[in-house]
Structures are given as C-alpha cells and as structure tokens.
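A short worksheet on the structure shown next.
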Amino acid sequence: MSEGPVAAIIREKLTAALSPQRLELEDDSWRHAGHHHEGGMDAKPGGESHFNLVIVSPVFEGQSRVARQRTVNALLRPELAGPVHALSIKALTPSEAS
C-alpha cells in the first residue's frame, strides 16, 4: 500500500528535523470512517485523518514524554490544524527502543 500525500509530508518533516533511527507511521483513518469531526468532516478510507506514530530519535535524550510530544506536535502544527484529526505518538530514545 502506498503512502498518501499527508503521510509523506509527516514523514519528510520528522525525518528532516529529528533524524530518526526508526519511524513507523500508520494511517489509521479507515477505523474512524463515519466519525464526525469539527467542520463536519468525516474520516474516510485513505482520508489521512488519523495516524499512529512510533519514532525513535537521539534528539529525545533528556526530554520528558511531554516534551517529546510537544516537539512532534510543533513540527506538525499545520497538519494537525488541517487534515490530521488525531495523532497517537510514541516517541522513544534509542536506548528505550532497544
């Protein structure tokens, strides 16, 4: 299955800013089909509105879980304000991931 344009942007931004050792991005929008969101938008298969993210980066060393989430959210602010309704983030350091 190929990656949609929103997922590609998310992947590009996180890769450029965080140089992750691992980046797993799952489009989970299909599970939310028919859910009504702000603005009357419905999630549709391939709608790229709900994602699960696992990211492992040395940038997260010394950061709290909240700080890591804030880092990711800040990088993806335009996407979170637009097409992305929900983003589940699991942000780990390399030592936590091993």
Evaluate the following for ALA97: is it small (Gly, Ala, Ser) and in contact (Cβ under 8 Å) with a residue 60 or more places away in the chain?
yes
Taking segment 51-89 and the residues there that are buried (at least 16 other Cβ atoms within 10 Å of the Cβ) and of a type in the set (D, E, K, R), the one that is nearest to PRO20 (Cα to Cα) would be ARG68
Would you say ARG11 is modelled with pLDDT under 95, part of a helix (DSSP H, G or I) and of a type in the set (D, E, K, R)?
no
Filter segment 16-33 for residues that are surrounded by 15 or more Cβ atoms within 10 Å (Cβ to Cβ) and in a strand (DSSP E or B); the one that is modelled with the lowest pLDDT is ASP27
Condition met for VAL59 (modelled with pLDDT of 95 or more and of a type outside the set (Phe, Trp, Tyr))
yes
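The values are calculated or read from the model by the stated rules, or taken from the named source; none is laboratory data. Bear in mind the structure is a predicted one, so any value in this text is a computation, not a measurement. All Cβ positions, even for glycine, are placed from backbone atoms using ideal geometry, and neighbour counts span all protein chains on display.
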